[in-house]
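Q: A single structure is presented below for examination.
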Amino acid sequence: MSVDFKTAVEQETRRLQVIHPTPEQIPGCMSLLDDFLSCNALGFQLKSLYRHGGQAVCGRKMEDFKFCMSLKSLDQDEKREAWIRRRAEWWATRRLAKSSEDVWDMRTEPLQNFPPKQLIRDLTEHHEIS
C-alpha cells in the first residue's frame, strides 16, 4: 500500500504529537547543537567510516539547530507545532524515498531446484548424515 506525501506527513504528524505531547518534550536548541558537535567528533566520524565507509554528514543536524534558533520568537505551543511539522515532513520524505532494502523483492514462490539435488548427493556421499 503506497501513500502520497501529504498522507505520510499527516501520519507522521499524528505519531509525533503522541510522542511529544507537550512543548517541554521537544529537543531544545542546546541539545540540537550538542548533536551537531558530537556528530563532528573524531570518534563519531571514525565509527561512521568503519560502518558506512565514509564520513558522517552532519549538515542536517546544523539545519535542525538553525531551525530551532529561528523559532525563538514563537510561544511554546507554536514552537512545538512547527518542530513537529518539520520532523513529520522529514520522516515522510524518508519513508517515501528509496531505501537500500528496495533492491530485494519478496519471493512469491520457492526457487526451482534449490538446493541443487547434485549438491545434496555430493554432500551425502562424502559425509554421513545421522
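Q: Put one equal scatterer on each alpha carbon of the chain, apply the Debye formula with no solvent term, and list log10 I(q)/I(0) at q = 0.14, 0.17, 0.22 1/Å to two decimals.
A: -0.82, -1.06, -1.27
Q: Under 10 Å, Cα contacts only: if you run a Gaussian network model on the chain, which one of GLN45, GLN118, GLN25 comes out with the highest mean-square fluctuation?
A: Evaluated over the chain, the most mobile residue of the options is GLN118.
Q: A further question on this structure: At a 1.4 Å probe, what is the % contribution of carbon and sulfur to the accessible area of the chain?
A: After summing per-atom areas, the C and S share lands at 56 percent.
Q: Hey, got the dipole for region 5-130? About the Cα centre, +1 on K and R Cβ, -1 on D and E Cβ, debye to the nearest 20?
A: So the magnitude is around 340 debye.
Q: So which residue, out of LEU111, LEU37, LEU16, gets the largest mean-square fluctuation from a GNM of the chain using Cα contacts under 10 Å as springs?
A: LEU111
Q: Let me ask something else. For region 1-88, with every protein chain kept in place, what is the accessible area per residue (1.4 Å probe, Å²)?
A: Ligands and nucleic acids excluded, the result is 68 Å² per residue.
Q: Same structure again: Evaluate the relative contact order of the chain (contact order divided by residue number), counting alpha-carbon pairs under 8 angstrom at least 6 apart; express in whole percent.
A: So the answer I get is 33 percent.
Q: Also, I was wondering about something else. Helix 76-96: angle to the longest alpha-carbon principal axis of the chain, degrees 0 to 90, nearest 10?
A: Roughly 20 degrees, rounded to the nearest 10.
Q: Can you count the Lys pairs in the chain whose Cα atoms are under 23 Å apart, with each pair 8 or more apart or on different chains?
A: Taking the Cα cut-off of 23 Å, the pair count is 7.
Q: Now for a different question. Compute the acute angle (0 to 90°) between the alpha-carbon long axis of helix 29-39 and the principal axis of greatest extent of the alpha-carbon atoms of the chain; round to the nearest 10°.
A: Approximately 40 degrees, to the nearest ten.
Q: Taking a 1.4 Å probe, which of LYS98, LYS72, LYS47, LYS79 shows the most accessible area, and what order do the others take after it?
A: Ranked from most to least accessible, the order is LYS98, LYS72, LYS47, LYS79.
Q: All other residues with a Cβ under 15 Å from the Cβ of PRO23 taken together, and with Lys, Arg as +1 and Asp, Glu as -1, what is their net charge? Provide the component values of the computation, followed by the final result.
A: Details: positive: LYS72, LYS79, ARG80, ARG85, ARG86, ARG87; negative: GLU24, ASP75, ASP77, GLU78, GLU81.
Surrounding charge for PRO23 is +1.
The values are calculated or read from the model by the stated rules, or taken from the named source; none is laboratory data. All figures in this text were calculated on a predicted structure; none of them were measured in a lab. Neighbour counts are summed over all protein chains in view; Cβ atoms, including those assigned to glycine, are modelled from backbone coordinates with ideal geometry. What goes into the accessible areas is simple: the full protein's heavy atoms, side chains included, and nothing from ligands, DNA or RNA. Shrake-Rupley method; radii C 1.70, N 1.55, O 1.52, S 1.80 Å.
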